[in-house]
Amino acid sequence: MKLTTLALSMTIGFVTIPALAIADEPMPPMSGMASGQSVDAVDSTGVITAIDPESRKVTLSHEPIPELKWPRMTMGFPVDPGVNMEAVSKGDSVAFTLTPTKSGQKVTRIEKQ
Ligand SMILES: [Cu+2]
């Protein structure tokens, strides 16, 4: 059990950290102490109103996100290079994860519901 958990954590780390390093400056991994950010990654749901895999941007009409003090709204996000954007399309109801970066939130997971 312990080995499985460790292996999973390491796999996630190897996938996520290089992607973050390419897209942004290195961040302290999993510390929850990134300056200026009060929360880590948050999960939410919404509907894709526009998506552009070439520029890696998605526009989401999302539900309220209390962790970020956001009401329900429609807004655009950059999408992490590790996310498969071909798996979703405009009009899909999706679950997604937002991860804070220096320049705002970016989508680090998106799945059709
Ligand atoms: Cu918003």
- Task: Identify all residues within region 53-99 that are among the charged types (D, E, K, R), more than 9 Å from the ligand (Cβ to nearest atom) and more than 13 Å from I110 (Cβ to Cβ); write none if there are none.
- Result: E54, E63, E67, K69
- Item | Hits in region 38-67 - residues which are modelled with pLDDT under 95 and open to solvent by less than 60 Å² (accessible area, probe 1.4 Å) | V39
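The values are calculated or read from the model by the stated rules, or taken from the named source; none is laboratory data. Since the model is a prediction, treat every value here as computed from it, not as a measurement. Glycine also receives a Cβ, built like all others from the backbone with ideal geometry; neighbour counts cover every protein chain displayed. Please note that ligands, DNA and RNA were not included when accessible areas were found on the heavy atoms of the full protein model with its side chains. Shrake-Rupley method; radii C 1.70, N 1.55, O 1.52, S 1.80 Å.
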